[in-house]
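Everything on this sheet refers to the single structure shown next.
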Amino acid sequence: MWARFCQELAACVDLLLPPACLLCGQLLPTGLDAQSFCHACLTAMPPLSPAHCRRCAQPFPNATSNHLCGTCLKRPPSFSTVHAAGIYQGSIKDAVHQLKYRNQPTLAEPLGQILAKVITTAGSSFAPDCIVPVPLHPHRLRQRGYNQALEVARPIARELRVPLETTLLQRNRKTQQQQGLSATERRSNLRNAFVLTSKTVPRKILLIDDVMTTGETVRECCRTLVAGGVEDVQVAIIGRA
Ligand SMILES: [Zn+2]
Ligand SMILES: [Zn+2]
């Protein structure tokens, strides 16, 4: 009785306020989840190119096969692989930008669902003990009001049925914004920026972030996790630059 009433109420709300694409505002066809993207925005989300670094997912636009990129050969990262919803271009770039800088945390739900699907269809045997979002410094968290990596991690944890762990990895100090810094500056900016709050750590972790450009943030997080005793870390991000 109550469930039927809720269904009818939801149908009335849809009639009065038809669900719209969270990105472009275009009305969504009936029956589609209210928190989703329209077909045009979804098709403008470029998937990761078939040729990319096996380790860090850096796209190789002119290559035909996967191999290791120069950076991973020179400085092997502490993570074993990176899953990406797509390339940091088109609608993916728009969505991440709005999620991060335009106070649109609701975008995290459909983005996280897309990423969860990428992870499950990868068919990897990796079974994480928990999901860890890249932490924000408390100062930046106060400014933004939410941690976009945590918001993306929520639907992934739900879809993969893996617990979310939000206290183990913390920002140790405030770092300068990575944007606009050279690769070397990014590295020294982040050195020892993260700490573990416990000596007891899970064996396998899936680390979540919104976007990966040079990858220094994710590298430093994974270095900290592995130095603390985590055996295997995989990374999942929305956009790979
Ligand atoms: Zn749209
Ligand atoms: Zn690489």
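Bear in mind these aren't lab numbers, they're just calculated from the coordinates by the rules spelled out. Computed from a prediction, not measured in an experiment: that's the story for all the values here. Note: ideal-geometry Cβ built from the backbone for every residue, glycine included; neighbour counts use all protein chains shown.
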- Sorted by chain and then number, the residues having a modelled amide H within less than 5 Å of the amide H of Leu28, at least 5 places away or on another chain, are Ala20, Cys21
- Item | Additional length obtainable on full extension of the chain from Asn103 to Leu32, 0.36 nm per residue less Cα span | 23.2 nm
- Message: Averaging the inverse of every distinct alpha carbon separation and then flipping it gives the Kirkwood radius. What is it for the range 137-189, in angstrom units?
- Response: 13.2 Å
- His52's amide H: which non-local residues (gap 5+, or another chain) put their own amide H closer than 5 Å, with H modeled 1.01 Å from N in plane and none for Pro or chain starts? Phe60, Asn66, His67
- Local charge sum around Arg187 (other residues, Cβ-Cβ under 14 Å, Lys/Arg +1, Asp/Glu -1)? +3
- Query: Which of the DSSP-defined H helices in the chain satisfy a minimum axial length of 15 Å, computed from C-alpha atoms, and a minimum mean Kyte-Doolittle hydropathy of 0.5?
  - Reply: 2-16, 108-121
- Message: Run lengths n ≥ 4 of DSSP H only: what is the helix-derived mean residue ellipticity at 222 nm for the chain, with -39500 (n - 2.57) per run over all residues, to the nearest 500?
- Response: -11000 deg cm²/dmol
- Based on the inverse mean of 1/r over its pairs of different Cα atoms, what is the Kirkwood hydrodynamic radius of the range 80-143, in Å? 13.7 Å
- Message: So if I restrict to the alpha-carbon atoms in the range 28-156, what is the Rg, and what is Dmax, the biggest pairwise distance, in Å?
- Response: 16.1, 51
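Relative contact order, percent, of the chain when contacts are C-alpha pairs under 8 Å separated by at least 6 residues? Write out the running numbers ahead of the final one.
Details: 426 pairs, mean separation 51.0, N = 241.
After rounding, I find 21 percent.
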- Query: Once the range 47-240 is represented by equal point scatterers at the alpha-carbon sites, with solvent omitted, what log10 I(q)/I(0) does the Debye formula produce at q = 0.10, 0.14, 0.15, 0.19 Å⁻¹?
  - Reply: -0.37, -0.76, -0.89, -1.56
- In whole Å, how far is the Cα centre of the range 175-233 from that of the range 32-70? 22 Å
- Query: Straight-line reach from Lys174: which lysines have a Cα under 21 Å away, not including same-chain ones fewer than 8 places off?
  - Reply: Lys100
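Want the number for Ser182 to Glu159: 0.36 nm per residue separation, take away the alpha-carbon distance, what's left?
Working: separation 23, 0.36 × 23 = 8.28 nm, distance 3.65 nm.
Additional length available on full extension: 4.6 nm.
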